[in-house]
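Engineer: Below: one structure in structure tokens.
The values are calculated or read from the model by the stated rules, or taken from the named source; none is laboratory data. If you're wondering where the values come from, they're calculated on a predicted model, not measured in any experiment. Here the Cβ positions follow ideal geometry from the backbone for every residue, glycine too, while neighbour counts run over all protein chains shown. When the accessible area is computed, the model is the full protein with side chains, heavy atoms only, and any ligands, DNA or RNA have been set aside. Shrake-Rupley method; radii C 1.70, N 1.55, O 1.52, S 1.80 Å.
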Amino acid sequence: MTKKKTKSNFEQDLSRLEEISRLLEEDNVELEGAISLFEEGVKLSKSCLKTLKEAELKITELKNELGKILHVEED
């Protein structure tokens, strides 16, 4: 999976989560539909959180790598 694809999926998932939230707040959804939307929202939330955790890990790794490079240059 390419970075562009991941970014696109994350943004699409986040946009869909916002849409689901708006739909549930409108009170125009029947109970079964609301449950279905809520379930979809939970799945999308898990996916977004996973993507964010992976991004955080990558940033931490890059910062550590940069710290090592800067430390070597100081010696």
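Engineer: Among the numbered criteria (1) part of a helix (DSSP H, G or I); (2) open to solvent by less than 100 Å² (accessible area, probe 1.4 Å); (3) over 18 Å from N9 (Cβ atoms), which single criterion is violated by V29?
Structural biologist: (1)
Engineer: Moving to a separate point now. Considering only the stretch 48-70, state which residues are of a type in the set (D, E, K, R) and at pLDDT below 90.
Structural biologist: K68
Engineer: Here is a check on your reading of the model: is E73 modelled with pLDDT under 95 and open to solvent by 90 Å² or more (accessible area, probe 1.4 Å)?
Structural biologist: Yes, satisfied.
Engineer: When both residues are 6+ apart or on different chains and their Cβ atoms are under 9 Å apart, which pairs have a first residue that lies in the stretch 6-21 and is of a type outside the set (G, A, S), and a second that is at pLDDT below 95 and open to solvent by 50 Å² or more (accessible area, probe 1.4 Å)?
Structural biologist: Final answer for the pair search is N9/M1.
Engineer: Next question. Quickly run through the stretch 50-65 and pick out the residues that are within 14 Å of E11 (Cα to Cα) and open to solvent by 100 Å² or more (accessible area, probe 1.4 Å).
Structural biologist: Selection gives K50 alone.
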